[in-house]
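Beneath this line is the structure, given in structure tokens, with notes to follow.
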């Protein structure tokens, strides 16, 4: 049965006003950080675009994954089965996995988990009352739950996590004549469930993996641990792009660029398909970072304008109204800052394209203005009389 604890906290008018003033400083930092993130992201996107374009021009698609002296330092494309003869060992459990390119270990502990739900009420005079209900229930989690930070630690103590989830990779993975490092292998997810054939001492085997504790898989107790594994088996077919470097596949950087290309996928893909996939990934990353920068700007302006509603907290209705107005103002300002920063970044890193877009936009605006004007010698009155 879940256990609940309720905590009521109150903040008076001056405390809330002070918090909003502190929030103003944090908001300024967030706005400046958003500008930095947005500007850097546009430069990163240009570097990636140019780097991939350069890579497409010089990439060598090898019909056989053979190391040739003539290709040293060049960008090469490989496809074929990746094999290993080594055995991976989990140093914490002692489990062994022969002929595995990689093994992903997931460790979960049965522990007390705290969840919280809050209700906040503004009262006349500026006081704010928050009622928080903390619930406690045992459950499996791969994240340590620090019970010392619980609102009610008594009766909900969790033991220390002995070890955590981790991935292991073979050191001798080879695709033809090329050695593939962890940086390559970790790009291909280990998705095949596997159980150790030999049960390590101190552990019991379950349908999913390994178990240790005073309870059982069907009836766990606090502190019990279960471990599951997924492997990337030897013989997996992969496609890879990278620089031939002394028999290894390393990151390739175009001359005069900071962009580095080292890519791997499970399956047989042409060089063109690999480049198309990387372009899609880079485009997605660009939009995600734009969204992050935009979100930082919105939060920053909301915190910057927070004192406006905080001053009116003595009357909750007026404070809510000012908060809504501040929210819309913050949204508009964040939009202007985001668009303006991206435009300035384009002028810095894509000047030809940016100026072209500005000229095109100006031309479109002038065309609309011209079409909206009345032709010379033709008044609105004469148009009415003709009709």
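Overview of results
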quantity	calculated
Residues of the stretch 94-116 classified as under 14 Å from residue 228 (Cβ atoms) and out of contact with any strand residue (DSSP E or B) (no Cβ under 6 Å at 6 or more places or on another chain), total	1
Single residue of 248, 191 found to be surrounded by fewer than 17 Cβ atoms within 10 Å (Cβ to Cβ), under 25 Å from residue 77 (Cα atoms) and within 27 Å of the chain's Cα centre (by Cα)	191
Residues of the stretch 258-276 classified as farther than 24 Å from residue 42 by Cα and crowded, with 18+ Cβ neighbours inside 10 Å, total	4
Candidates 333, 284, 321, 308 - the one that is at pLDDT 90 or above, surrounded by fewer than 20 Cβ atoms within 10 Å (Cβ to Cβ) and not in a loop (DSSP other than H, G, I, E, B)	284
Scope the stretch 183-201; condition farther than 13 Å from residue 240 by Cα and not in a loop (DSSP other than H, G, I, E, B); matching residues	192, 193, 194
Residues (closer than 30 Å to residue 243 by Cβ and out of contact with any strand residue (DSSP E or B) (no Cβ under 7 Å at 6 or more places or on another chain)) located in the stretch 125-171	171
Every residue from the stretch 147-182 that is touching a helix residue (DSSP H, G or I) at 6+ places or on another chain (Cβ under 9 Å), within 29 Å of residue 114 (Cα to Cα) and not in a loop (DSSP other than H, G, I, E, B)	167
Meets criteria (touching a residue at least 40 places away in the same chain (Cβ under 8 Å) and within 29 Å of the chain's Cα centre (by Cα)) for residue 139	no
The stretch 255-275, residues that are in a loop (DSSP other than H, G, I, E, B) and closer than 19 Å to residue 180 by Cα	260, 262, 267, 268, 269, 270
Test for residue 207: is it farther than 30 Å from residue 22 by Cβ, at pLDDT below 90 and either assigned by TED's automatic domain parsing to the domain that holds residue 82 or not in a strand (DSSP E or B) (or both)	yes
Residue check, residue 178 surrounded by 13 or more Cβ atoms within 10 Å (Cβ to Cβ) and closer than 18 Å to residue 263 by Cα	yes
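The values are calculated or read from the model by the stated rules, or taken from the named source; none is laboratory data. None of these values were measured; they are calculated from a predicted model. Note that each Cβ is placed from the backbone with ideal geometry, even for glycine, and that neighbours are counted across all protein chains shown.
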